[in-house]
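What follows is a short report on a single structure.
The values are calculated or read from the model by the stated rules, or taken from the named source; none is laboratory data. These figures come from a predicted structure and were not determined experimentally. Here Cβ is always computed from backbone atoms with ideal geometry, including for glycine, and neighbour counts include all displayed protein chains. Quick note on the areas: whole protein, heavy atoms, side chains included, nothing else; ligands and nucleic acids left out. Shrake-Rupley method; radii C 1.70, N 1.55, O 1.52, S 1.80 Å.
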Amino acid sequence: MTARIIDGKLIAEQVRGRVAEEAARVARDHGLTPGLAVVLVGHDPASEVYVRSKAKQTRAAGMTSFEHRLPADAAERDVLAQVDQLNRDPAVHGILVQLPLPKGLDSQRVIAAIDPAKDVDGLHPFNAGRLASGFDALTPCTPLGCIMLTKTVHADLTGLNAIVIGRSNLVGRPLLQLLLNENATVTIAHSRTRDLPALCRQADLVYAAVGRREMVRGDWIKPGATVIDVGINRIPGEGGKDRLVGDVAFAEAAAVAGAITPVPGGVGPMTVACLLVNTLRAACASRGLPPPAV
Ligand code: NDP
């Protein structure tokens, strides 16, 4: 193996540490305690785990965590009423509606009901539009984490060739915009792309956000490239315990790449860390304070 392993767990810990310092500073200097409210509808086991971990990390950073649970059969108007109440609550600076929502609820309508200034998931069309126009915006957490990880390898992304595989609103599209803002030259690929391996081989930066286990092979990677693997694919392991693998064939790619993120322990931990960053940013903006140095 030649690649340097990008330790997302450690980098996320450092980000959370900086958020905690800044949160303590705004509490001391401005009497402002950032608050994050998570809305969980139903009992999806994976969502329950994510929500618990978000609440724990929010409190550990010195911020207030609010949790609102609604039953799986909640009507859309009940979810919208909950969002509306949080929009008006001055102690809440960030609102996250845990996705996916149970069947029958329209996630687009629910997301559109969130005050864009509190949209710490960055999924509101207002924030997506601002990001796409090159303006300041609350940005989805996973792509933000991808950029932070990349910058531990390349301080400046100007002129680098990047490929983003996947065009979802959650990952691929905002990542494309963030890379453009960093002056990278970006190709975005998807299921209809022709000759993906050849396109990939031209990239200095490879982002795989597909949801297909080990799709990106070692011979797709340009020697020395930086590979950021967003994919989380669960494989049933021994003793009923799932094993996680990414969208990149790790061992093969690591033999060619210059730097690579592992799965788990790469992009995953950065997502919650960036949620805390966004909550702190939203809290500062609510008081007209300058963006925090995180
Ligand atoms: P989506 O299913 O919304 O999007 C997948 C994208 O991959 C689509 O744009 C699709 O193309 C594209 N695609 C599918 N098959 C191929 C193919 N054969 N070749 C090229 N492109 C293909 O997924 P998400 O963006 O939500 O998530 C992607 C992965 O990232 C998943 O594994 C998910 O679990 C993981 N994830 C990880 C997070 C983390 O914190 N680490 C957070 C969020 C997601 P098309 O548009 O044409 O259908």
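List of remarks:
- The residue 13 and residue 133 beta-carbon pair, evaluated with R₀ = 30 Å, returns a calculated FRET efficiency of approximately 0.35.
- For residue 42, residues with placed amide H under 5 Å, excluding near neighbours: 70, 72
- Within the chain, DSSP assigns beta bridges of which about 10% are antiparallel (rounded to the nearest 5).
- Solvent-accessible area per residue for the chain (1.4 angstrom probe, square angstrom): 47 Å²
- Dipole in debye (nearest 20) - the stretch 168-219, about Cα centre, beta carbon charges: Lys, Arg +1; Asp, Glu -1: 260 debye
- For the chain, the Cys residues with no second cysteine's beta carbon closer than 4.7 Å are 146, 200, 284.
- Within the listed set 33, 226, 193, the residue fluctuating most in the Gaussian network model of the chain (springs between alpha-carbon atoms under 10 angstrom) is 193.
- Size of charge dipole - the stretch 121-196 - debye, nearest 20, with Cβ of Lys, Arg +1 and Asp, Glu -1, no other charges: 260 debye
- Between 0 and 90 degrees, the angle of helix 141-151 with respect to the longest Cα principal axis of the chain falls at about 50 degrees.
- Straight-line cross-link reach from residue 9 at under 15 Å between alpha-carbon atoms covers these aspartates and glutamates, not counting any fewer than eight positions away in the same chain: 229.
- Cβ-based charge dipole, the chain, positive-most Cα from 61, 285, 122: 61
- Cβ charges +1 (Lys, Arg) and -1 (Asp, Glu), total dipole of the chain, debye: 120 debye
- Pairs of Cα atoms nearer than 8 Å and 6+ residues apart set the relative contact order; for the stretch 63-121 it is 39 percent.
- Looking at the stretch 145-294, the DSSP beta bridges with both ends there are about 20 percent antiparallel.
- Pairwise Cα separations in the stretch 1-128 fall into 10 Å bins from 0 onward with the following percentages, short to long: 12, 37, 33, 14, 4, 0.
- Accessible surface of the chain, 1.4 Å probe, proportion on carbon and sulfur as whole %: 52 percent
- Comparing 50, 40, 27 along the charge dipole axis of the stretch 1-97, the residue lying farthest to the positive side is 27, per the Cβ-charge model.
- Alpha-carbon centroid distance for the pair the stretch 71-137 / the stretch 150-164, whole angstrom: 31 Å
- Summarising the strand pairing of the stretch 12-156, around 0 percent of its internal DSSP beta bridges are antiparallel.
- Ordering 93, 225, 196 by Cα displacement along the dipole of the chain toward the positive end leaves 225 in first place; charges were set at the Cβ atoms of Lys, Arg (+1) and Asp, Glu (-1).
- Expected 222 nm ellipticity per residue - DSSP helices of 4 or more, -39500 (n - 2.57), all of the chain, to 500: -12500 deg cm²/dmol
- Annotation: the chain has a Kirkwood hydrodynamic radius of 19.7 angstrom, from the mean reciprocal C-alpha pair distance.
- For the residue pairs 54/118; 118/151; 103/241; 56/151; 54/151, the C-alpha atoms sit more than 21 angstrom apart in 118/151; 103/241; 56/151; 54/151.
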